[in-house]
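The values are calculated or read from the model by the stated rules, or taken from the named source; none is laboratory data. Nothing here was measured: the structure is a model prediction, and the numbers come from that model. Positions of Cβ are generated from backbone atoms using ideal geometry, with glycine treated the same way; all protein chains shown enter the neighbour counts.
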Amino acid sequence: MPQTPLDVPLWLAYILRKRKMCTVVPPDWLNVDVISEKGKEEANNIDTFSTMPRHYQEVSALLIEIAGDELMEDESAASVSRLRELIEDFSRQRSSKIRQGMLAVSQQSFHDETTYSIKMNQVSAMEVSSIRQQLLLSLEAFYDARPRATRTTSRDKRKPHRAPFKTQPAKRTLKRFQ
């Protein structure tokens, strides 16, 4: 039915908007005021991430591309570019916070040889994928640098054809960060 608001998947809204068959109503969080407030919240909270949708970067990029004029109430090009700048600043703040956290973990593990787990609540999918490979390589390097403990198990004593000592990884202490 024409002129009836309807929730549709993002891919369908993208296709329909490209064909100029619909108008797009932006989500509540995709607003200059909300994004600037989230940026301030992100700057003030050093240990935690502010709440945003899991795919905020991808959704905002698509919606600005296909319906930038509909996203802003005053429909000015300056406000659309301002929204784009605020989203990029916000994502830079978050990536900087992630890099600082990874650096802190590596420095602490270097000093006291403790394995850490990192708790990153409210991190978007793109932010996780941007650090995934580096984080996996660092953790592998940390695990390889750890000394291995040797011990004998009762199973090894019963079977003489096996080696009497089996290498096991050292017990690790887990510390959690928000």
Return a yes/no flag: does region 59-74 have any residue that is out of contact with any helix residue (DSSP H, G or I) (no Cβ under 9 Å at 6 or more places or on another chain) and either assigned to a loop (DSSP other than H, G, I, E, B) or at pLDDT 90 or above (or both). yes
Being assigned to a helix (DSSP H, G or I) and free of Cβ contacts under 8 Å to residues at least 12 places away in the same chain narrows it down to one of Leu16, Leu6, so name that one. Leu16
Exactly one of these conditions fails for Glu37: (1) among the acidic types (Asp, Glu); (2) assigned to a helix (DSSP H, G or I); (3) under 22 Å from the mean Cα position of the chain (by Cα); (4) modelled with pLDDT under 90. Give me its number. (4)
For region 47-59, state whether one or more residues are out of contact with any Ser or Thr (no Cβ under 7 Å at 6 or more places or on another chain), surrounded by 14 or more Cβ atoms within 10 Å (Cβ to Cβ) and without any contact (Cβ under 8 Å) to a residue 60 or more places away in the chain. yes
Conditions (1) surrounded by 15 or more Cβ atoms within 10 Å (Cβ to Cβ); (2) modelled with pLDDT of 75 or more; (3) in a loop (DSSP other than H, G, I, E, B): number failed by Asn121: (1)
Residues Ala13, Ala43: which one is within 17 Å of Ile98 (Cα to Cα) and among the aliphatic types (A, V, I, L, M)? Ala43
Could you please let me know if Asp144 is exposed (fewer than 15 other Cβ atoms within 10 Å of the Cβ) and modelled with pLDDT under 65? no
